[in-house]
Structure formats: structure tokens, C-alpha cells
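The values are calculated or read from the model by the stated rules, or taken from the named source; none is laboratory data. All of these numbers come straight from a predicted model, not from anything done at the bench. Here the Cβ positions follow ideal geometry from the backbone for every residue, glycine too, while neighbour counts run over all protein chains shown.
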Amino acid sequence: MGRPAVGVVGASGRAAVGSLLRAGFAAWAVDLFADRDLRRTAACARCPADDYPAALPVLTESFPPGPVLYIGGLENHPAVVAELAARRLLWGNPPDVLAAARDPFLVSRVLTPRGANFPFPEVRPADAPPPEIDCDWLLKPRSGAGGHGIRRWRPGDPLPAHPERWYFQQLVDGTPMSALFLAARPYHALLGVTEQLVGTPWLHAGPFRYAGNIGPVLVNCSKEYVLGRAGRELAEAAGLRGLWGFDYVEAEPDGPFPVEVNPRYTAGLEVLEYATGVPFLLGHAAAFGGGFPLPIPGVVLSRAVGKAIYFAPHRIAFPAAGLWDADLSGDVHPWRLPAFADIPEPGEVIEPGHPVLTFFAQGSTADECRARLQSTAAELDGLFGREAETTP
């Protein structure tokens, strides 16, 4: 009996579809874009932005029976997740688990007792503003994703009109990182670590906006133990299953500060797959009763892999041809690292500050990889700058 076709639903399905293909599954997708490169690899349907995400469950009905995997952002829409679960086998955490994992105060209670080994930034309810002390604070939406809505807050700034939708978190300076885990009871493992690109100026990303990953990042045994223990305790406290991750800030000498739990397939997972050759979605399938073997973390290749999201510096009408043309021709191979992905239709209008497309690079070191990503971003600046001159 073959493996089932698995659906991917959410804002942008291309990365998860690729992960499913690398694990040997067929895939289909319902997302906001139905980009050209996604349509080369899987059947897909586009969800109208005005009906997102409520229309997702109904749109899945046009595809064959089988499991469904949700991606970034849907953890903030438990009613949609519940409806998906009522229609199909859900390869993802149910609403009650999502509520626990996304509760910053639960995460604080789990990790704070660990003391200096795993310090946690102080969190406060939005109706209890921080005192005037010598540190910076963030005001964060409880239902945020990808850095949307996060802003700095200082004493005297206005409080939100709906405090139940927000919380305060102490700002920690350092390098933003992401840790990926697999929870398939009784198995729980730290699968890898990547550096995050957040608010990156050369990608025109706004403050706190997620803009990509570079990895894998090798951590020493002590830090690996601390990350692994924190992940295990969070998974047990919230009831997490399958692939999930948390974002943290690496701030020496105090160690990693976790800032947010992502209780589903994470955006940085494909970077680790391309770098290690491990099809991690097999572990996700096993966690939800798929009967598939757990992936064994492989030997990290002697290279770093990076992905970056280019944000529109101004209003763009996407050109008919460009640097990405080679990724829209030839045979599709799920393990080939593309140069570009999430490629829009020609003429599609992209407003300032919105994501345009994703691009990748590899190098022998993270710094070399970052330099190649920056070089590509500069090429895109030149291309889209010229395009802006001819776009009304």
C-alpha cells in the first residue's frame, strides 16, 4: 500500500509540499498564492484573501481523501483547525494543544524554574504595563505570526484597546535563532538549530519581521542539552506532537532566551532538510499514527544553506522574466536546492512591505552563505528598481 497524498493548508504551502515530496509522499495544497513553482510540484487551489482562513476547510473538499497538515499562522485560528480535523485526519496539534503552546504565561511557568540554565524574558499582561525600569519591552499580539504586529513599547505609550489580545515581553538583545523538535511519544529530540533573519534591512523586512533562516548551526553539548531539555518539558506541558519549534535569542553569557513557541511545521525546516539530507516529515507522519519510520538525524554536510524572503521596497508589478526563470523549467527534483521559490505570476501587483519571493544559497560557512544571499538581494534590488521605473 502506497503512502497517502497529504494536503497542506495555510498561507504559503510550497515549503511543506517540498518536505512531503522529499519524504516520499504525494501532496496537494490550498494557500493564498498558488505560486508558479508550487503548481509544478502539486495540485493546488488558491484561497481568496478576503476569505482566508475561514474558506480553507471547504476548499480542501475538492481534493482526494487523506491527511491534512497545516502551516504557519493557522495555530492562531483554532476554529479552522477544528473544522479541518472534523473533515480529515489532522497531521497537526489540535486546538487545545495550540492554546497551551501559544500561551506565553504557560511557557514562562514551565521554563522560569530552570533558573540560569534557561532564562526566560519576563512577560506581563497587556493591562499591567511594565514599570519604568532600565530595560526595553515589546508589545506582542497573542495571535501573531512571522513578527506581524510586534512593536517596541515604552512607559507612557498608549495601551491596546483590547488587552486580552496582547502581552508584554521583555526585549532581549542578541542573535535570533530557531530550534526544531520532533515529539513522537516517547521519542523526543532536538533535530537542529538555525539562525533566523529578522527585520533584515537588505531584504527590506520591517522591524521584527521573519525573513529567513541560515543553518544548520552547530551547538556545543552543554547548549544542546539545555535546548533539548527545555523542548521536552514544553512538549510535555502543552501536549505537543510531531514537528514543532521555538524561537529564541542567543545572548551571551546568559544563554538562550526562548521568545515564542511554533506548534507546527516551521519555516526553517526545509533549510535543515537541504543541509542534512534527512526527510523530517517521516517523523511527523509517525507522530500522528502514520506507521512510518522515524528519521535518523544524518551527518551534517559540510555546507550551510540559507533561505531569504525578499520584501517589496515599493509597489511592484512582478516582471514576466527574471533571475528565477530556470526554476520554472526542466524536471522537478525535490532534493535540488532551488535558486528561487514562491514565484508569483507575471504582472501580479505586490504592495510595499509585502513578501515578493524566496531565494536560497549555500556555502561552506554561514558567513559565505549570508554573503551570497546578500548578493542575490542586491541583484533583485537592481531588477525591481528598473521595473519600478516602468510600472505606473
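Among what's in the range 186-245 and is within 15 Å of the chain's Cα centre (by Cα) and among the aromatic types (F, W, Y), pick the residue that is nearest to V356 (Cα to Cα). That would be Y210.
Output yes when any residue across the range 5-19 is more than 15 Å from L281 (Cα to Cα) and more than 17 Å from the chain's Cα centre (by Cα), and no when none is.
Our first condition is that a residue be more than 15 Å from L281 (Cα to Cα); within the range 5-19, this holds for 9-12.
Keeping just the survivors that are more than 17 Å from the chain's Cα centre (by Cα) gives none.
No, the range 5-19 contains no residue that is more than 15 Å from L281 (Cα to Cα) and more than 17 Å from the chain's Cα centre (by Cα).
Of the residues making up the range 143-173, those that are out of contact with any Cys (no Cβ under 8 Å at 6 or more places or on another chain), at pLDDT 85 or above and either assigned to a loop (DSSP other than H, G, I, E, B) or small (G, A, S) (or both) number 3.
Residue count for the range 55-105, restricted to those that are over 27 Å from Y210 (Cα atoms), touching a residue at least 40 places away in the same chain (Cβ under 8 Å) and among the acidic types (D, E): 0.
Report whether or not V58 is assigned to a helix (DSSP H, G or I), over 22 Å from the mean Cα position of the chain (by Cα) and surrounded by 13 or more Cβ atoms within 10 Å (Cβ to Cβ).
Against the criterion (assigned to a helix (DSSP H, G or I), over 22 Å from the mean Cα position of the chain (by Cα) and surrounded by 13 or more Cβ atoms within 10 Å (Cβ to Cβ)), V58 qualifies.
Of all residues in the range 155-173, those satisfying the criterion of being among the charged types (D, E, K, R) and without any contact (Cβ under 8 Å) to a residue 40 or more places away in the chain are D157, E164, R165. Checking every residue in the range 311-333 against the condition of being at pLDDT 95 or above, on the phi > 0 side of the Ramachandran plot and in contact with a strand residue (DSSP E or B) (Cβ under 6 Å, 6 or more places away or on another chain) gives zero matches.
Could you tell me which residue of the range 183-214 is modelled with the lowest pLDDT, considering only residues that are out of contact with any Lys or Arg (no Cβ under 9 Å at 6 or more places or on another chain), among the aromatic types (F, W, Y) and farther than 14 Å from P313 by Cα? Going through the qualifying residues, I end up with Y187.
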